[in-house]
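Here the structure comes first, spelled out in structure tokens, and everything after it is commentary.
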Amino acid sequence: MGLDEATVKPHERLSAALATELSQVNSLIRTRMASEHAPRIPEVTAHLVEAGGKRLRPMLTLAAARICGYYGPYHIHLAATVEFIHTATLLHDDVVDESGQRRGRPTANLLWDNKSSILVGDYLFSRSFQLMVETGSLRVLDILANASATIAEGEVLQLTAAQDLRTDEAIYLQVVRGKTAALFSAATEVGGVIAGAPDPVTKALFDYGDSLGICFQIVDDLLDYWGSDATGKNIGDDFRERKLTLPVIKAVAKADSEERAFWERTIEKGDQRDGDLEHALDLLAKHGALEATRADALNWAAKAKSALEALPNDPIRDMLSDIADYVVARVN
């Protein structure tokens, strides 16, 4: 591997390999987010879609289809569908979380208002279903419709679980499968399904997406306490927002009565004072919660990579393996 190749991030290499298809996806997205009757729809959507995200989820769909030897045209529809579902959930998420920033830019709900964000999100969900139907595949429709329901369910579960100290690792995993991994696994699985790949291959694609999505979210939750320039988050945002993520769940499980009272006050009751974040970080360190969370992330990355072994040998497959490594490289 030359120096240039070594410095290029794996998702950028994948993006270069899929450049033609990605530009078709982008033009389809632009066409379908248009609205002759409500100009606010393309305004709000463009703000998010053009925000320079990595387009990781649609790339996973295109990559899965390519590995399975499919060249069109419906993988383009499916990749656009996945991006629309993702964008719709971001619009809704920012309203629910009352966020003012995403990827370092003001959120749509801040620039316009909550009503616009919710309604444009609904429009994108509807558009995504139109795109799915055009593929003519009931199985694709089934996978993506199930994923949409799972995402919504995960978000609702998080509302009650996020500030409840009884939330354990099993419930956390259920939330993460909903809000993050469901779309990753659907994105990879439909790429195989549209290509007519055999069941063991589509199952492997599903497993890769599921494990990668879980790993992705665990790393995100870990970096909130560990710190990173890459996320654009401040250290302790989740703590301030009283989100019970995996590092805290691990610390609560080992807490004595005094420590538990601290978590009850800060997370359940939301009574946070000066020095509380520092104390929280001390408790996470005391119980090895960050290291244990990192070990979980590495484990899910390894599961994602081992799922790929069932897929046809292809340079794209190697890039997907590198992406799993890259997700956890931020916490190495």
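Inside region 23-112, counting only helices (runs of 4 or more DSSP H) that do not spill past its ends, which hold 2 or more residues that are among the hydrophobic types (A, V, I, L, M, F, W, C) and either modelled with pLDDT under 85 or closer than 28 Å to ASN234 by Cβ (or both)?
Values: elements: 40-49, 56-67, 74-96, 108-111.
Filter on region 23-112 gives 40-49, 74-96, 108-111.
Is it true that SER185 is surrounded by 16 or more Cβ atoms within 10 Å (Cβ to Cβ), among the polar types (S, T, N, Q) and touching an Asp or Glu at 6+ places or on another chain (Cβ under 8 Å)? Quick ask: steps written out before the conclusion?
Numbers: surrounded by 16 or more Cβ atoms within 10 Å (Cβ to Cβ): yes; among the polar types (S, T, N, Q): yes; touching an Asp or Glu at 6+ places or on another chain (Cβ under 8 Å): yes.
Yes, satisfied.
Is one or more of the residues making up region 242-254 of a type outside the set (Lys, Arg), open to solvent by 30 Å² or more (accessible area, probe 1.4 Å) and not in a helix (DSSP H, G or I)?
First, pick out the residues of region 242-254 that are of a type outside the set (Lys, Arg): 244-249, 251-253.
Now drop any that are not open to solvent by 30 Å² or more (accessible area, probe 1.4 Å), which leaves 253.
Filter once more, keeping what is not in a helix (DSSP H, G or I): none.
There is no residue in region 242-254 that is of a type outside the set (Lys, Arg), open to solvent by 30 Å² or more (accessible area, probe 1.4 Å) and not in a helix (DSSP H, G or I).
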**Request:** Under 6 Å between Cβ atoms, at least 6 apart or on separate chains: pull out the pairs that start in region 293-318 with a residue that is open to solvent by 50 Å² or more (accessible area, probe 1.4 Å) and end on any residue that is among the polar types (S, T, N, Q).
**Result:** LYS303/SER211; LYS305/SER321
**Prompt:** PRO198 fails exactly one of the following numbered conditions: (1) under 16 Å from ALA79 (Cβ atoms); (2) free of Cβ contacts under 8 Å to residues at least 40 places away in the same chain. What is the number of that condition?
**Reply:** (1)
**Message:** Filter region 160-190 down to the residues that are among the aliphatic types (A, V, I, L, M) and free of Cβ contacts under 8 Å to residues at least 12 places away in the same chain and list them by number.
**Reply:** ALA170
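The values are calculated or read from the model by the stated rules, or taken from the named source; none is laboratory data. Since this is a predicted model, take the numbers as computed values, not measurements. In this analysis, Cβ positions are derived from the backbone assuming ideal geometry, glycine residues included, and neighbour counts consider all displayed protein chains. These area figures cover heavy atoms from the full protein model, side chains too; ligands, DNA and RNA do not enter into them. Shrake-Rupley method; radii C 1.70, N 1.55, O 1.52, S 1.80 Å.
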